[in-house]
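To start, the structure under review is shown below, and the notes come after it.
The values are calculated or read from the model by the stated rules, or taken from the named source; none is laboratory data. In this text, all values refer to a predicted model and were calculated from it rather than measured experimentally. When we count neighbours, we look across all protein chains shown, and the Cβ atoms used for this are built from the backbone with ideal geometry, even at glycine. Just so you know, the surface numbers come from the protein's heavy atoms only, side chains and all, with ligands and any DNA or RNA stripped out. Shrake-Rupley method; radii C 1.70, N 1.55, O 1.52, S 1.80 Å.
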Amino acid sequence: MAEKRTKVKKNIYFRVGLGITLFFVVLMFVGLIYTPYDPNAMNSSEKFLAPCLSHPMGTDNFGRDIFSRVLKGISMTGLVAVSTVAIGGTIGTIIGALTGFYGGIVDEIVMRINDTLNGFPSILLALVIVSILGPGKYNVILALGILFIPSFARIVRSEYINYKNRDFVKSARLMGAGSLRIIFLHIFPNILPTLLVTITIGFNNAVLAEAGLSYLGIGIQPPDASLGSMLSDAQSYLFSAPWYAVMPGMTIVLFVLGFSLLSEGICSK
Amino acid sequence: MLEIDNLTVEFGTKKVLDGVSLTAEKGKVLGIVGESGSGKTMTALAVMGLLSPDARVAEGSSIQLDGKELIGLPEKKLAAIRGNDIAMIFQEPMTSLNPTMRIGRQLEEALRLHGQKIPSKSWLREKVMEALKEACLPEPEKQYDRYPHELSGGMRQRVMIAMGTICRPDYLLCDEPTTALDVTTEKGILELINRIRTEHNMGIIFITHDLKLLRGFADKVAVMCKGKVVEQGSVEQIFNAPVEEYTRRLIASIPDRQHRRNVKAAGAEK
Ligand SMILES: Nc1ncnc2c1ncn2[C@@H]1O[C@H](COP(=O)(O)OP(=O)(O)O)[C@@H](O)[C@H]1O
Ligand SMILES: [Mg+2]
């Protein structure tokens, strides 16, 4: 009975998470093609307007429409997150699948490198990589993408270690299936649920990491808007124009909440 | 003939198989019996070339299939042999089918992998249907599109048998195929294996910890204990005049095992 109740509750997590995430996906595309105002157009006569009908989220220190900038920011942050997870997820999954399945000395070496990378706080590593490559959105994507490889590799590897000795894999091998066929056709579909959870958590972390890097001023560069860079700009006006910080801040919170609920919901499915 | 001679397998310094010699013939049933941990599965895996990499097959061991030595054969050649000449059915019908593949798809995969010429898709489906029917799977059309978790344990084991025999191997290794099943289902599976054996003149190696199952089924029985074959002979010999104390104990333990099974089956009938 109690078990059933938590199941229903988890299902609600899944639905709400999916709802929020889909909403943000829509906003991402909207932000790419349409914003009510030009997000970079300055207007000195409309500085620091509080939220009102014509500017639902108010305006900033340059008189730019915050709602338009938040929309653009969602697109930018979303783009960074998707690319980052795509890079880290693909490379990490391939590394994890091969090392987990084959094992041996290569596995040992790769995993030690992995552990070492995992040992550093990831934001610190991102800082190092970005300061070498220079700031800008492509370098942020590259840095975060590299950073995400180890976590994917570790999780996928343990799944492959778990599955490679299952009877159905032995059975496939008995029938003469080659290793690559077993890795991709027979085992891979089995790890999809785990991979899905890892991907949602990855999005979550990518959004936070992008916001963090941009907040520190080494992420997305002006005039491009990102949720993190807006927060960074807003901090000097926290008391005079609190909506400037609150709007992008709340957006990040909601964005991340969506992914968290979603992964929680998938986990329990 | 499948001849295992002096097979010794070690993990480091631990001998899990110690000079095992067995012979299986086409059309006959060789029963291997022994308590758990006695090396029955290890013997089967060695024959299939599926030992884990840290296992070492000792010098002087030999496994010959119709006079052809299997030990030391390169993976490629081994793969061709085990698909077409020897098949294996595992103990746990829950884990021996891929949970993410439909039943029909898994059997098709078996046909594809065996390197048969596949004239058309409908031919594939027909062949699979034939195999499912031969294994007496109820409503084969329906099961074709189902996933393993939608089938009962007995049905899954029938699918495994269909999969193992779809390419008509000469030998079928069955590693405790009925241990996870209740008594009535077990009977059906044994009958099925026996029928396929007579119809296709297949050699069966039937592994079990339950000596009673082999009565009226096996032609020959080998008793294993701690990695060694301690006694070998016809079923009558083993039952009526067991030489080894260990074999006597195996026979004696039958009633209470039967009892435990019935209790379990009553609770988990499906
Ligand atoms: N990887 C391993 N390393 C060391 N010993 C092992 C390993 N795998 C199995 N064994 C040992 O091999 C013996 C035989 O096991 P097994 O063939 O599975 O027994 P059975 O199938 O008769 O129950 C057991 O005693 C087991 O502890
Ligand atoms: Mg066993």
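Scan the stretch B:62-80 and tell me whether some residue there is among the β-branched types (Val, Ile, Thr), away from chain A (no Cβ under 14 Å), in contact with an Asp or Glu (Cβ under 9 Å, 6 or more places away or on another chain) and surrounded by 17 or more Cβ atoms within 10 Å (Cβ to Cβ).
For the stretch B:62-80, residues among the β-branched types (Val, Ile, Thr), away from chain A (no Cβ under 14 Å), in contact with an Asp or Glu (Cβ under 9 Å, 6 or more places away or on another chain) and surrounded by 17 or more Cβ atoms within 10 Å (Cβ to Cβ): present.
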Here are A:ILE187, A:ILE201, A:ILE191: which of them is under 16 Å from B:GLU109 (Cα atoms) and more than 8 Å from chain B (Cβ to nearest Cβ)?
A:ILE187
Here are the criteria: (1) away from ligand 1 (no atom under 14 Å from the Cβ); (2) more than 15 Å from the chain's Cα centre (by Cα); (3) part of a strand (DSSP E or B). Tell me which single one B:GLU199 does not satisfy.
(3)
Please tell me if B:VAL9 is touching a residue at least 40 places away in the same chain (Cβ under 8 Å) and in contact with a Leu (Cβ under 6 Å, 6 or more places away or on another chain).
yes
For the stretch B:184-201, indicate whether the set of residues that are away from chain A (no Cβ under 14 Å), in contact with a helix residue (DSSP H, G or I) (Cβ under 7 Å, 6 or more places away or on another chain) and within 16 Å of ligand 2 (Cβ to nearest atom) is non-empty.
no
If you go through A:ALA211, A:ALA177, A:ALA172, the only one that is within 13 Å of another protein chain (Cβ to nearest Cβ) and either within 18 Å of A:LEU125 (Cβ to Cβ) or in contact with a His (Cβ under 6 Å, 6 or more places away or on another chain) (or both) is A:ALA172
Please go through the stretch B:165-177 and pick out each residue that is in a loop (DSSP other than H, G, I, E, B) and within 16 Å of ligand 2 (Cβ to nearest atom).
B:GLU176, B:PRO177
Being of a type in the set (D, E, K, R) and open to solvent by 60 Å² or more (accessible area, probe 1.4 Å) is the filter here; which residues of the stretch B:1-54 pass it?
B:GLU3, B:ASP5, B:LYS14, B:LYS15, B:GLU25, B:LYS26, B:LYS28, B:GLU35, B:ASP54
Answer from A:GLY73, A:GLY100, A:GLY17 - the residue that is touching a Leu at 6+ places or on another chain (Cβ under 7 Å), farther than 18 Å from A:ASP233 by Cβ and in a helix (DSSP H, G or I):
A:GLY17
Checked A:LEU117, A:LEU125 against criteria (touching a residue at least 24 places away in the same chain (Cβ under 8 Å) and not polar (S, T, N, Q)); the one match is A:LEU117
Odd one out for B:ALA180 among (1) assigned to a loop (DSSP other than H, G, I, E, B); (2) open to solvent by 20 Å² or more (accessible area, probe 1.4 Å); (3) free of Cβ contacts under 8 Å to residues at least 60 places away in the same chain
(3)
Could you tell me whether the stretch B:36-57 includes any residue that is in contact (Cβ under 8 Å) with a residue 60 or more places away in the chain, under 23 Å from B:GLY153 (Cα atoms) and of a type in the set (Val, Ile, Thr)?
yes
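Are any residues in the stretch B:8-44 away from chain A (no Cβ under 14 Å), in a helix (DSSP H, G or I) and within 6 Å of ligand 1 (Cβ to nearest atom), and if so, which ones?
Taking the stretch B:8-44 first, the residues away from chain A (no Cβ under 14 Å) are B:8-40, B:43.
Applying the additional criterion that residues be in a helix (DSSP H, G or I) yields B:40, B:43.
If the condition is that a residue be away from chain A (no Cβ under 14 Å), in a helix (DSSP H, G or I) and within 6 Å of ligand 1 (Cβ to nearest atom), then B:LYS40 is the only one that fits.
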Given A:TYR244, A:TYR237, which one is open to solvent by 50 Å² or more (accessible area, probe 1.4 Å) and among the aromatic types (Phe, Trp, Tyr)?
A:TYR237
Using beta carbons and a limit of 6 Å, which pairs, at least six apart or on different chains, have the first residue in the stretch B:86-103 and without any contact (Cβ under 8 Å) to a residue 12 or more places away in the chain and the second one in a loop (DSSP other than H, G, I, E, B)?
B:THR95/A:ARG166
Select from the stretch B:185-215 the residues that are closer than 24 Å to B:PRO138 by Cα, of a type in the set (S, T, N, Q) and loosely packed, with under 15 Cβ neighbours inside 10 Å and list them in ascending order.
B:THR198
Entirely in the stretch A:119-196, the helices (runs of 4 or more DSSP H) that have 1 or more residues that are surrounded by fewer than 17 Cβ atoms within 10 Å (Cβ to Cβ)
A:122-133, A:137-164
Can you tell me which of (1) within 23 Å of B:VAL9 (Cα to Cα); (2) open to solvent by less than 20 Å² (accessible area, probe 1.4 Å); (3) more than 10 Å from chain A (Cβ to nearest Cβ) is the one B:VAL57 doesn't meet?
(2)
Taking the stretch B:12-42 and keeping only residues that are within 16 Å of ligand 2 (Cβ to nearest atom) and either among the small types (Gly, Ala, Ser) or in contact with a Leu (Cβ under 6 Å, 6 or more places away or on another chain) (or both), one is left with B:LEU17, B:VAL20, B:GLY31, B:VAL33, B:GLY34, B:SER36, B:GLY37, B:SER38, B:GLY39, B:MET42
Taking the stretch B:96-127 and the residues there that are in a helix (DSSP H, G or I) and under 15 Å from B:LEU151 (Cβ atoms), the one that is farthest from the other protein chains (Cβ to nearest Cβ) would be B:GLY104
